[in-house]
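K.L.:
Submitted below is the structure of interest, expressed as structure tokens.
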Amino acid sequence: MRLELTQADVAERIDVATEVYGRLERGGMLPSVQTLLKLCHELNVSSDELLGLAQLSPVNRISEAPTPPAERPEIRRLLRSMRQLDPAHIKLLGLVAKALLRR
């Protein structure tokens, strides 16, 4: 939430299906070590924090502020949808966008 990412955003960044990430987030399944490392990197948290162990053994983390997301969630959802379109539909969508900007 602090990074303003949706489940779909995180799933895409760690290269898993949105449904799989939802199960991970709800505790319905455990991530592989590789997926856990990707999650730590993308969410800027330690593995102890993700596993709920942070209270038991504090971790010295680099105190750099997380980078804000480049786009709003609506834009990221739109881009995700656009990546699935064929080139002709992308061109048509570009024309619609230009027409909307002229209004």
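K.L.:
Which distance in nm do the two modelled labels at ARG77 and MET1 give, with both placed 7 Å along the Cα-to-Cβ direction?
P.N.:
A separation of 1.8 nm, rounded to one decimal place.
K.L.:
Please compute the modelled spin-label separation between GLN84 and ARG13, points set 7 Å along Cα→Cβ, answer in nm with one decimal.
P.N.:
Inter-label distance under the simple model: 2.1 nm.
K.L.:
Can you work out the accessible area per residue across segment 7-51, with the rest of the protein chains kept in place, probe 1.4 Å, in square angstrom?
P.N.:
Numbers: 2750 Å² over 45 residues.
Here the residues of segment 7-51 average 61 Å² of exposed surface.
K.L.:
Can I ask one more? For the ranges 28-34, 14-20, what's the packing order if you count other beta-carbon atoms within 10 Å of each residue, average per peptide, and put the highest first?
P.N.:
Highest-to-lowest ranking by the protection proxy: 14-20, 28-34.
K.L.:
Rounded to a whole number, what % of the accessible area of segment 7-51 do carbon and sulfur atoms account for, probe 1.4 Å? Can you show the working numbers first?
P.N.:
Details: 1440 of 2750 Å².
Looking at segment 7-51 in its full context, I get 52 percent from C and S.
The values are calculated or read from the model by the stated rules, or taken from the named source; none is laboratory data. This structure is a prediction, so every number in the text was calculated from the model and none was measured. A quick note on method: Cβ atoms are made from the backbone with ideal geometry, for glycine too, and the neighbour counts reach across all protein chains shown. Only protein heavy atoms, including side chains, enter the accessible area calculation; ligands, DNA and RNA are left aside. Shrake-Rupley method; radii C 1.70, N 1.55, O 1.52, S 1.80 Å.
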